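In what follows, a structure is listed as structure tokens, so that the remarks can point back to it.
The values are calculated or read from the model by the stated rules, or taken from the named source; none is laboratory data. As the structure is a computational prediction, the values presented were derived from the model and not from experiment. Neighbour counts are summed over all protein chains in view; Cβ atoms, including those assigned to glycine, are modelled from backbone coordinates with ideal geometry. Please note that ligands, DNA and RNA were not included when accessible areas were found on the heavy atoms of the full protein model with its side chains. Shrake-Rupley method; radii C 1.70, N 1.55, O 1.52, S 1.80 Å.
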Amino acid sequence: DAVVVGRAPQPLPGQDCQLLRLASPERSISRSHVAIGVIDGVVRARDLGSNNGTNLVRGNQPIALATDSWTELTTGDLLDLGEDVTVRLMGLP
């Protein structure tokens, strides 16, 4: 299962997804912005072609998430979606 995060998220094609709707008054968060899921026992994320991208902040180094592949996440990682909206990953193996 994956979680699709955005201001009006839609499920990934052919997948059963949880949808997490976020307020975006400035509309800088895309409708379906980022997906987070467990793939082969590892938590991963992928930008869904959002207008402003998704940055993975690990330490102090922001890295733009790819749209064509999944990036492995670890405890303490922060996903920056813009508009001061962030998702911090905790309790991952």
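Test residue 32 against the stated conditions and say whether it is touching a residue at least 24 places away in the same chain (Cβ under 8 Å) and within 13 Å of the chain's Cα centre (by Cα). Don't jump to the end; show me each part of the working.
On the way: touching a residue at least 24 places away in the same chain (Cβ under 8 Å): yes; within 13 Å of the chain's Cα centre (by Cα): yes.
Taking the combined requirement at face value, the residue satisfies it.
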Among the numbered criteria (1) at pLDDT below 95; (2) part of a loop (DSSP other than H, G, I, E, B); (3) under 10 Å from the mean Cα position of the chain (by Cα), which single criterion is violated by residue 53? (1)
Qualifying positions in region 1-21 - surrounded by fewer than 19 Cβ atoms within 10 Å (Cβ to Cβ) and of a type in the set (D, E, K, R): 1, 16, 21
When region 59-93 is examined, which residues are found to be under 18 Å from residue 40 (Cβ atoms) and open to solvent by 70 Å² or more (accessible area, probe 1.4 Å)? 68, 70, 72, 93
One residue is enough: does region 22-31 have a residue meeting the conditions of a type outside the set (A, V, I, L, M), surrounded by fewer than 13 Cβ atoms within 10 Å (Cβ to Cβ) and under 17 Å from residue 90 (Cα atoms)? no
